[in-house]
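Everything below concerns the one structure shown next.
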Amino acid sequence: MLRFFTVPCLALNPNLILEIGSNNGCRFTKNETAMKEALEKVKREALEAIKTIADLARAKALKAQYLGRKGVVTALLRNISTLPPEERPEAGRLGNVVKQRLEEAFGKALHALETGLGEPRGEALDVTLPGRPLARGRTHPITQVARAICEIFERLGFAIVEGPDVELDYYNFEALNIPRDHPARDMQDTFYISDNVVLRTHTSPIQVRVMESQPPPVCIIAPGKAYRVDSDISHTPMFHQVEGLMVQENISFGDLKGILTTFVHQIFDEETSLRFRPSFFPFTEPSAEVDILCVICRGKGCRVCSRTGWLEVLGAGMVHPAVFEMVGYDTDRYTGFAFGMGIERIAMLKYGIEDIRKFYENDIKFLEQF
Ligand code: PHE
């Protein structure tokens, strides 16, 4: 560290002090130009010295040498009073400019040393080194899977529709046949913004908005974020869903099975069979949970499928007439099916990921694999 103490500076150069004068008996020059030159020189030397500082103690000592009570700049400023009155204002102004400039430079240097931020001192730049390649970003695995899902449904003739994340209670629940205080609300732990406004717990409200705005036929999918008060190895408070809706005359459960089978074969493979289990959703009747043959063990039973050989991936069913009535569709004429799936769940199965939280930890090593 000692080598950093050998900086040439005014305070260590008695000749210069004597030249301009000091408190040790010598008179100051009464020449404004000399004063200016002296200040400029002090400034230059101090700024040069600051560049060589490598540790905090040295930085503090150097600052004291220049700006401390007995510092060079302080001495110069004090001696302005010995100049002829007409020269004092300009000399004072200049003195303060220099002082401020140095305070700023010392401030920066001290801050950099204290925080460990800032440029390392004295590092040479080798312009002959080859450039470092820029790291390129890529789409997040969830975005990739969401796009793959949407592409499959687009090829099947579905249009993509989006809606608000902050949703009215009416669209998220009531219009979907989930009245206030109905026990079915417990199925989805909800973030309430106010009594009437929620973070949507699924993307189904988009379907209501679409039906409200147009008559049948409807053939849409609604991808987007959904929110529920839930957090563990298979749940995050924010997750993604794609929901589908097809309404027309003569739509049957067979159409639902056909569309979902095609979808599963395309997003996984032709070998992946499906099964429909009876279930309950307030907005569909009949309702089903759709399982796929475990993509890991192919039905033999493993840890991922809890030894059942099957994986639950979707909720689906025929749209409940109560929902059609809410949006003014003729329930005698039209039928329809709806389904909904979690995108994270599909991505986890596709890539064999066990913890859903990995998607949202911003771990480059994890994300780079996709
Ligand atoms: N909205 C349901 C959910 O998020 C999924 C679903 C959609 C079920 C459409 C049936 C029909 O749990």
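The values are calculated or read from the model by the stated rules, or taken from the named source; none is laboratory data. Remember, it's a predicted structure, so these values are computed and weren't measured experimentally. Don't worry about glycine lacking a Cβ; one is built from the backbone with ideal geometry, like all the others, and counts go over all protein chains shown. Heads up: the accessible areas ignore ligands, DNA and RNA and are worked out on the full protein's heavy atoms, side chains in. Shrake-Rupley method; radii C 1.70, N 1.55, O 1.52, S 1.80 Å.
Worth pointing out:
- If you run the Gaussian network model on the chain, springs between alpha carbon atoms under 10 Å, then out of 137, 68, 336 the most flexible one is 68.
- Top positive-direction residue, dipole computed over the chain with Cβ charges, set 204, 316, 302: 302
- Accessible-area rank, largest first, for 43, 350: 350, 43, with all protein chains present and a 1.4 angstrom probe.
- Residue 36 accessible area, assembled protein chains, probe 1.4 Å, Å²: 80 Å²
- Cα extents of region 313-370 along the three principal axes, largest first (Å): 55, 18, 15
- Neighbour count of at most 12 Cβ within 10 Å plus DSSP loop: longest GluC sites (Glu not before Pro)-free window in the chain: 1-122
- When the residues 363, 189 are ordered by accessible surface, computed with a 1.4 Å probe over the protein chains alone, the sequence from largest down reads 189, 363.
- Per-residue SASA entry for residue 333, accessible area with 1.4 Å probe, Å² rounded to 10: 130 Å²
- For region 109-191, the share of alpha carbon pairs falling in successive 5 Å distance bins from zero is 3, 8, 9, 8, 9, 11, 9, 6, 6, 7, 9, 8, 5, 3, 1 percent.
- Calculated [222 nm] ellipticity per residue, helices only, for the chain: -11500 deg cm²/dmol; basis is -39500 (n - 2.57) per DSSP H run with n ≥ 4, divided by all residues, nearest 500.
- Accessible-area order (highest first, 1.4 angstrom probe) of the listed residues 140, 235: 235, 140
- An ellipsoid equivalent to the chain, defined through the eigenvalues of its Cα gyration tensor, has semi-axes of 77, 25, 17 Å when rounded to whole angstrom and sorted largest first.
- Cross-link table 70/108; 225/300; 51/365; 36/108; 60/365; 108/358, entries beyond 32 Å C-alpha to C-alpha: 225/300; 51/365; 60/365; 108/358
- Choice from 107, 131, 309 showing the highest fluctuation, given a GNM over the chain with Cα pairs closer than 10 Å: 107
- Placing dummy labels 7 Å off each Cα toward the beta-carbon, the span from residue 331 to residue 160 is 3.5 nm.
- Evaluated over region 200-275, the Cα radius of gyration and Dmax, each in Å: 15.1, 42
- Charge sum, other residues only, whose C-beta stays under 12 Å from residue 338's C-beta, Lys/Arg counted +1 and Asp/Glu -1: -3
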